Amino acid sequence: MSFTTSPHLIKDTSVSQVMIQVCIALMPGILAYIWLIGPAIIVQLFIATASALLAEALMLRLQGKPLSLFLSDGSAIVTAWLIALTFPPLAPWWLVCTGAIFAIVIAKHLYGGLGQNPFNPAMVAFAVCIVSFPALMSQWPSIGLKLTLVEQINIILGFSPSIDALSGATPLDALKTALKLGEGNVDVGHLLANQDIFGNFAGRGWEWVAAGYLLGGLWMLQRKIITWHVPTAFIGAISLISGALWLYNPMQFADPLFHLLSGGTTIGAFFIATDPVSGCTTPRGKLIFGAGAGLLAYIIRVFGGYPDGVAFAILLMNLSAPVIDLLSQPKIFGMKDKKA
């Protein structure tokens, strides 16, 4: 019988083990994605992973670091998967490659590598690409579009004509555009009930993708890969602000369930905002970080110029994380507050 001396309890968990479990947690969302869009997402996952690993190997070689040790930690693969899952599934191959390479080379290694990056690499890649290539980053497949694997690969590799005729707006973008064109005379409830792009709760079919990420996120919580603070605060902030505005004017603002099951809410809450490197580390800081990210994401997606604001919200909170941690340090054990 072995004993562990207190107060230190060492948990035998490596970086690679954590990253493998994150990839497993993403699988329900990926399976729902395949059911909704088709197998194109598998192609994009492969392209992003290959690009990220090649960029990682190049940077490690330039720094004289051992390739096998760092390539096997899985961090580049998780970054690549998040890029593939947040980019349009039929985006040209070079766009996904650009995002993956930028994330690894610029957002990760130029800041010192794993554990040193102040910003989430996948969200840096998304932000750079949506600013640089806004048209390509908005080309999402139309609802009900059925293409074979060969047809999807041809589009991704550029062998088929432009995807313009096959693409459509995302549910968030469709709702925002309709409200803007209606100039205050459009009823959100009527739009959600009568446009084919919307389903029972959010975008038709996309509710299942969001539910898949939610399932994977809850599994990570159960496995203690992440803590409850950031996801709870993120989802809570979006629910509160969307619920308040919906109650104030239900004709102009969608209900909380629509926002929770649309866009990048669930993948952002559980898989991106919970990044331990670029986020906060103190319990109170995590709550502030998650709430701030959720609030900013809603404001950007409803009042800003982009259909969804999760990426920019998380990057803005990454920028604030050091200050939040500094101001939210817990009391030192055994120390009393100084009396005035």
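Within the range 128-141, the set of residues being in a helix (DSSP H, G or I) and surrounded by fewer than 20 Cβ atoms within 10 Å (Cβ to Cβ) comprises 128, 131, 132, 136, 138. Only one of the numbered conditions (1) at pLDDT 85 or above; (2) surrounded by fewer than 22 Cβ atoms within 10 Å (Cβ to Cβ) is violated by residue 68, and that is (1).
Report, by residue number, each residue of the range 266-289 that is in a helix (DSSP H, G or I) and either among the small types (Gly, Ala, Ser) or farther than 16 Å from residue 316 by Cα (or both). Steps first, please.
Going residue by residue through the range 266-289, those that are in a helix (DSSP H, G or I) are 266-272, 283-289.
266, 267, 268, 269, 270, 271, 283, 284, 285 - these are the residues of the range 266-289 that are in a helix (DSSP H, G or I) and either among the small types (Gly, Ala, Ser) or farther than 16 Å from residue 316 by Cα (or both).
Within the range 94-112, track down each residue that is in contact with a Ser or Thr (Cβ under 9 Å, 6 or more places away or on another chain) and surrounded by fewer than 22 Cβ atoms within 10 Å (Cβ to Cβ).
Going residue by residue through the range 94-112, those that are in contact with a Ser or Thr (Cβ under 9 Å, 6 or more places away or on another chain) are 96-101, 103-104, 107-108.
Listed by number, the residues that qualify are 97, 98, 101.
Per the listing 76, 103, 125, the residue uniquely small (Gly, Ala, Ser), part of a helix (DSSP H, G or I) and at pLDDT below 95 is 76.
Looking across the range 31-65 at every residue that is more than 17 Å from residue 85 (Cβ to Cβ) and among the small types (Gly, Ala, Ser), the one that is surrounded by the most Cβ atoms within 10 Å (Cβ to Cβ) is identified as 55.
The values are calculated or read from the model by the stated rules, or taken from the named source; none is laboratory data. Fair warning: this is a prediction, and the values are worked out from it, not measured in the lab. As a convention, Cβ positions derive from the backbone with ideal geometry for all residues, glycine included, and neighbour counts pool all protein chains shown.
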